[in-house]
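Heads up, the thing below is written out as structure tokens.
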Amino acid sequence: MNTPHPFVLPPEDRVLSPYTGWTRAHWEAVADGLLAAVRPYRSPGGALITLPGRTSWSGERSDGLEGYARTFLLAALRAAGTAASGRPVPADLLEPYADGLRTGTAAPGTADPQSWPAVVDRGQAMVEAASVALALHLTKDQLWDRLDEGTRERAADWLAGALRHEPVDNNWWLFPVAVGTFLEAADRHTEQARAAIDRGLARIEQWYVGDGWYTDGAGRYFDHYNGWAMHLYPLLCAAVAGAPADPVRRERLREFLIGYGRLFDRTGAPLHQGRSLTYRFAAAAPLWLGALVDATPYPPGTTRRLASGVLRHFLDRGAARDGLLSLGWYGPDAATVQPYSGSASPYWAAKGFVGLLLPEQHEVWTAYESAGPAEHADPEPVLGLPGPGLLVHSGHGVARLVNHGADHQPVGPTAALDADDPLYARLAYSTMTGPTRGGDPADNHIGLVVAGRVTERGRIEPLGAGPGWAASAHSPTLDGQPVPGTRIVSVSVVRGPYEVRVHRVRAPAGTAVRESGWAPAPAAGEELCSSAAGLDAWVRTTSVHGTLTGAHGWERAAVGSAPHGTAFGERAELAVLEGTVATEPLVSVLALTWADATPTPAPQVSATASGVDVRWADGGLSRIRYEATERCSVTHEAGRPHAPTGV
């Protein structure tokens with residue numbers, strides 16, 4: 001029988017958990033199933049777990065360490081949660097990892113095939129040392145304190161390599177923080193440990209941009225690492241050490257979760273945006289963390305509904321069909337995976353099990369599930385985040401993110417532009433669609449058509465964001481070079497299921513312009529159909545419906561093909577608008593809904609050279625007015641009034 005996973009799960013509990021049917025017992029059963037599935041791939045001494053599949057750019061032995069470290073973290077969360085609930089920890093849960101610690105630290109960095117790679121500058125072993133340290137900290141009473149002194153000394157010395165070597169200049173600064181926090185608790189290398197903790201926390205402080213968001217290194221790198229790294233490590237390490245949560249960091253997490261919780265749809269899916277998406281249900285980690293450190297804006301039943309929803313979403317769609325987590329989104333998908341990923345990389349998903357640290361008596365496990373923020377029929381006002389330049393657009397079971405701030409481009413006066421990264425450069429992302437892939441037309445994009453090619457966004461310059469709107473500018477590029485004499489300023493205003501995009505394009509008169517909308521892709525067994533007529537185009541699968549309408553300035557609509565598909569299906573199509581540069585703005589109206597959604601009347605648009613008025617179905621009015629250079633103002637009236645704002 002073709003089942004989505006082989007794990008033996010308890011019966012659903014639709015009384016306690018009416019949305020997912022899952023309880024703490026399901027989380028424990030999944031953790032046990034994931035751990036059982038990797039046992040056949042453990043090396044004789046237990047130090048390496050080398051799973052079938054591709055080898056990362058760090059090499060096979062590093063991948064074996066990765067398999068050990070990341071599954072050890074899962075086992076440690078399982079053990080610590082069991083102990084916190086007052087139940088005995090099974091001996092066979094941690095003993096294989098104790099054996100692996102003895103073997104892996106015997107002669108690290110040597111030719112010994114069972115020993116681990118040494119921790120060096122910007123080496124993958126530093127990443128895995130953080131997982132090993134956190135796992136040891138979580139199980140200090142059950143494992144570390146019972147090891148012989150020789151093993152403890154060798155393990156501490158191996159971990160200490162993370163304290164004195166250079167991390168990659170991004171979230172990697174937090175790996176020495178995790179290592180240092182454990183070594184302080186273990187009374188090993190304490191001076192180096194404290195220096196590494198202070199250094200790492202100070203470094204990421206420079207990357208905080210506001211609204212609960214960090215960029216993952218210098219630049220505008222906004223993605224899931226904000227939740228499963230930048231927030232997670234400082235607060236979780238302090239919690240495991242028994243230290244009080246830093247009030248500033250705790251408040252930042254709370255602020256982040258206000259928007260983040262809206263980015264899970266009615267199926268439990270998280271946002272498909274950014275790198276390392278193969279970590280999948282690691283997306284649940286900041287949700288649980290909020291409950292763990294008393295920094296969540298959500299009731300306990302909502303936290304569990306979101307977290308259980310994301311875990312079940314992936315398992316029900318084949319992410320672990322043979323018990324092993326595949327490299328991909330649902331099943332194996334090479335295009336979703338970065339070059340640094342190997343066969344054990346998906347097990348960073350272990351972070352999603354942080355909720356097990358909350359004992360079974362905690363209200364997050366005992367409360368009745370309640371709807372996620374995106375599931376409400378009358379959702380909260382659209383949340384503009386000026387720090388990262390993002391706009392959270394959710395409701396009626398749909399979650400979308402409008403992007404006027406993330407670009408993943410290098411920074412610096414001499415930094416050359418990279419090609420647009422589909423996972424960062426699009427105008428919008430969702431939980432129901434993925435960006436199209438290299439060689440196919442870009443979805444959710446506006447560009448000039450120069451010599452038969454569509455320009456890229458390049459470096460995105462955020463111009464502001466507020467309730468229901470966000471804006472940015474970019475200089476269109478080809479082959480990493482700006483196209484001379486060109487500029488596009490874009491404003492998004494959002495209400496209900498609709499996004500209205502207003503573009504002011506500076507380019508030689510008559511230059512062709514192209515905009516695209518969402519790119520639905522049919523899942524297995526679904527149909528895909530599309531149509532274009534006049535200034536309207538739509539693409540529909542059995543479950544998802546995307547529309548795009550030219551409201552002003554556009555000349556024709558069409559449907560484009562994306563034969564390489566997306567992470568959601570092997571082929572996709574996208575609605576397209578075509579026009580030419582003129583003095584007045586180009587205005588489009590987009591929607592992405594479930595196919596079974598009740599239709600909502602589209603907004604009415606009127607535009608002149610000086611601005612655009614958008615009349616919404618609820619009677620509200622959004623006014624966009626152009627001012628000097630690239631500045632404009634956005635105001636909202638009636639319907640749901642907002643204070644005037646300017647960009």
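Since every read-out is calculated from the coordinates, none of them should be taken as a lab result. Every value quoted in this text rests on a predicted model; they were computed, and no experiment measured them. All Cβ positions, even for glycine, are placed from backbone atoms using ideal geometry, and neighbour counts span all protein chains on display.
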TODO: Within the range 433-477, find all residues whose amide N lies under 12 Å from a label point positioned 7 Å from the Cα of Glu555 along Cα-to-beta-carbon.
DONE: 449
Open item on the list: Less than 10 Å Cβ to Cβ from Ser633, Lys/Arg counted +1 and Asp/Glu -1: what total charge do the surrounding residues give?
Closed with: +2
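When the helix-only estimate is applied to the chain (DSSP H runs of n ≥ 4, each -39,500 (n - 2.57), divided by the residue count), what is the mean residue ellipticity at 222 nm, nearest 500 deg cm²/dmol?
Numbers: 12 runs with 165 residues, N = 647.
Rounded to the nearest 500, it is -8000 deg cm²/dmol.
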- [ ] Would you be so kind as to identify which of Pro11, Thr600, Ala334 lies farthest towards the positive end of the dipole of the chain, taking Lys and Arg as +1 and Asp and Glu as -1 on Cβ and the Cα centre as origin?
- [x] Thr600
Task: Dipole of the chain [Lys/Arg +1, Asp/Glu -1 at C-beta], most positive-end residue of Leu292, Val392, Gly550 - done: Gly550
TODO: Would you mind putting 158-165, 80-87, 131-138 in packing order, based on average other-beta-carbon counts within 10 Å, highest first?
DONE: 131-138, 158-165, 80-87
TODO: Would you work out which of His137, Ala533, Phe72 lies farthest towards the positive end of the dipole of the chain? Charges go on Cβ: Lys and Arg +1, Asp and Glu -1.
DONE: Ala533
Task: Sum of side-chain charges, Ala575 neighbourhood, beta-carbon under 10 Å (Lys, Arg +1; Asp, Glu -1) - done: -4
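Can you give the charge dipole size of the range 226-356 about its Cα centre, rounded to the nearest 20 debye, using +1 on the beta carbon of Lys and Arg and -1 on the beta carbon of Asp and Glu? Can you show the working numbers first?
Numbers: 14 positive and 8 negative charges, 35 e Å.
Magnitude of the dipole: close to 160 debye.
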- [ ] Determine the relative contact order of the chain: mean sequence separation of Cα pairs under 8 Å and six or more apart, normalised by residue count, in whole percent.
- [x] 10
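I'd like the GluC sites (Glu not before Pro) in the range 517-560 restricted to DSSP loop residues with at most 11 other Cβ atoms within 10 Å, sorted by number.
Working: sites: Glu526, Glu527, Glu555; in loops: Glu526, Glu527, Glu555.
Listed in order of number, the matching sites are Glu527.
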Open item on the list: On a full-extension model of 0.36 nm per residue, what is the gain between Asp596 and Thr366, subtracting their alpha-carbon distance, rounded to one decimal in nm?
Closed with: 79.6 nm
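Evaluate E = 1/(1 + (r/R0)^6) for Thr583 and Ala617, where r is the Cβ-Cβ distance and R0 equals 30 Å; express this FRET efficiency to the nearest 0.05. Write down the numbers at each step before the final one.
Working: r = 30 Å, r/R0 = 0.99.
For R0 = 30 Å, the calculated efficiency reads 0.50.
For the ranges 59-71, 436-448, what's the packing order if you count other beta-carbon atoms within 10 Å of each residue, average per peptide, and put the highest first? The partial results should precede the final answer.
Details: 59-71: 24.6, 436-448: 21.4.
Result, highest mean Cβ count within 10 Å first: 59-71, 436-448.
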Task: For Ala551, distant residues with modelled amide H under 5 Å away - done: Val587, Ser588, Val589
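With only Lys, Arg, Asp and Glu charged, each at its Cβ (+1 for the first two, -1 for the last two), find how big the charge dipole of the chain is about the Cα centre; round to the nearest 20 debye. Please report the intermediate quantities before stating the final value.
Values: 55 positive and 68 negative charges, 106 e Å.
Dipole size: approximately 520 debye.
Hydropathy at least -1.0 by Kyte-Doolittle, axial extent at least 27 angstrom from the Cα trace: which helices of the chain, defined as entire DSSP H runs, fit?
Values: long enough: 60-84 (36 Å, 0.08).
Helices meeting the criterion: 60-84.
How large is the charge dipole for the range 543-598, taken about the Cα centre, if only the Cβ atoms of Lys, Arg (+1) and Asp, Glu (-1) carry charge, to the nearest 20 debye? Don't skip to the answer; put the middle values down first.
Values: 2 positive and 6 negative charges, 8 e Å.
So the magnitude is around 40 debye.
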Task: Net charge contributed by nearby residues that have their C-beta within less than 15 Å of Leu528 (K/R +1, D/E -1) - done: -4
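Could you grab the relative contact order for the range 558-618? Cα pairs under 8 Å, six or more apart, rounded to a whole percent. Spell out each step's value before the answer.
On the way: 58 pairs, mean separation 13.5, N = 61.
Here the relative contact order equals 22 percent.
What does the extension gain come out to for Val248 and Glu205, with contour length at 0.36 nm per residue minus their alpha carbon separation?
Working: separation 43, 0.36 × 43 = 15.48 nm, distance 1.11 nm.
That pair, Val248 and Glu205, stretches by 14.4 nm at full extension.
Rg/Rh for the chain to two decimals, with Rh computed the Kirkwood way over all alpha-carbon pairs. Working shown, then result.
On the way: Rg = 24.9 Å, Rh = 25.4 Å.
A ratio of 0.98.
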TODO: Grab the beta carbon distance between Arg453 and His376, set R0 = 51 Å, and tell me the FRET efficiency rounded to 0.05.
DONE: 0.75
